[in-house]
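Coordinate-derived values only; no laboratory data. Computed from a prediction, not measured in an experiment: that's the story for all the values here. All Cβ positions, even for glycine, are placed from backbone atoms using ideal geometry, and neighbour counts span all protein chains on display.
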Amino acid sequence: MRDSPRDLVVMITHGTDHELSSAAFTIANGGMTAGLRVSVFLTSAGVDLARKGALDTTQVKPLDPLADLVADFLARGGTLWACAPCVKSRGYTQDDLIEGTVITGASQMHELLLGGAATLSF
């Protein structure tokens, strides 16, 4: 058994209009259940997932509603990063994003990768 949890970075490039967003958060939550320390990096259209109200209308059956998946992820201590240039290009500010979202460049993700984090991209 490992002394400390391994890291998993999930990169999401799709927004609420694509089923892969729901699949990504389902898998991220599953990683946490398995004992991984999970960070999600939203980039490109993926940053739209962090916009307040954006998640409220998305559900890919039979998965849970996307808003519930993201709320569960954050409640269990998941890290949610939004790509700074992508946020800026959409005209979003921190006030436009759901609580728990950290606007950052890729350097924090790269730090985890250098430490041996596993990655998944959606």
### Task
Report, by residue number, each residue of the range 49-92 that is closer than 16 Å to I12 by Cα and of a type in the set (S, T, Y).
T58, T79
#### Entry: Given (1) farther than 21 Å from D17 by Cβ; (2) touching a Leu at 6+ places or on another chain (Cβ under 9 Å), index of the condition A67 fails
(1)
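Is it the case, given these coordinates, that R51 is in contact with a strand residue (DSSP E or B) (Cβ under 7 Å, 6 or more places away or on another chain) and under 18 Å from L113 (Cβ atoms)?
Values: in contact with a strand residue (DSSP E or B) (Cβ under 7 Å, 6 or more places away or on another chain): yes; under 18 Å from L113 (Cβ atoms): no.
It is false that R51 is in contact with a strand residue (DSSP E or B) (Cβ under 7 Å, 6 or more places away or on another chain) and under 18 Å from L113 (Cβ atoms).
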### Summary
Going through (1) within 20 Å of V70 (Cα to Cα); (2) crowded, with 16+ Cβ neighbours inside 10 Å one by one, A117 fails only at (1)
